[in-house]
Amino acid sequence: MFSFRANLAILIAAALFTSPAFASHVHRSPTAGTAHHSRRLSLHRRSHRTHGQQAIEPERVTQIQAALIKAHYMTGEPNGKWDGTTVAAMQKYQADNGWQTKLTPDSRALEKLGLGPDYSNAINAKNSTFAAPQPADSISTEQAAGFAQASGVDQ
């Protein structure tokens, strides 16, 4: 019994003392990380390129100014320059409508000024009319009955 316990204690002690010796350590030279670090910095610098629209085109500025003049938020003639007067007029217009004023122009403001997106050249807009739908009283009684039956609504 004594020899079994002694052997077990020696085996456990040996396992505890030798396990750090077999542990995997990654050793790098002091300059190994330098090239990787500089490469990472160069990739980091490249990722900070400016993307997207950086300025409003003069033609679009002229359209915005004309709409602001028509809405009585600016006076004078459109000049196509996004200057302080134009910025102030746009911010006032947006503030009066309860929209943000820090980033200009807001898409809701442009749409309200009548300068929203033009979908007339879209593929599915060719030969289409954008008229309002027919009033409900212009639908025949048979058609209305068919709609009601199909929807499961009792009249």
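The values are calculated or read from the model by the stated rules, or taken from the named source; none is laboratory data. Quick caveat: nothing in here was measured; it's all calculated off a predicted structure. Cβ sites come from the backbone with ideal geometry, for glycine too, and all protein chains shown count toward neighbours.
Assorted remarks:
- Criterion: under 18 Å from residue 109 (Cα atoms), modelled with pLDDT under 90 and not basic (Lys, Arg) - qualifying residue of 12, 56, 69: 56
- Checking each residue of region 64-84 against the condition of being without any contact (Cβ under 8 Å) to a residue 12 or more places away in the chain, surrounded by 12 or more Cβ atoms within 10 Å (Cβ to Cβ) and either in contact with a strand residue (DSSP E or B) (Cβ under 7 Å, 6 or more places away or on another chain) or of a type in the set (Val, Ile, Thr) (or both) gives at least one match.
- Under the condition of being among the basic types (Lys, Arg) and surrounded by fewer than 16 Cβ atoms within 10 Å (Cβ to Cβ), the residues counted in region 96-112 number 2.
- Scanning region 101-143 for residues that are modelled with pLDDT of 75 or more, among the polar types (S, T, N, Q), part of a loop (DSSP other than H, G, I, E, B) and over 18 Å from residue 56 (Cα atoms) yields a single hit, 140.
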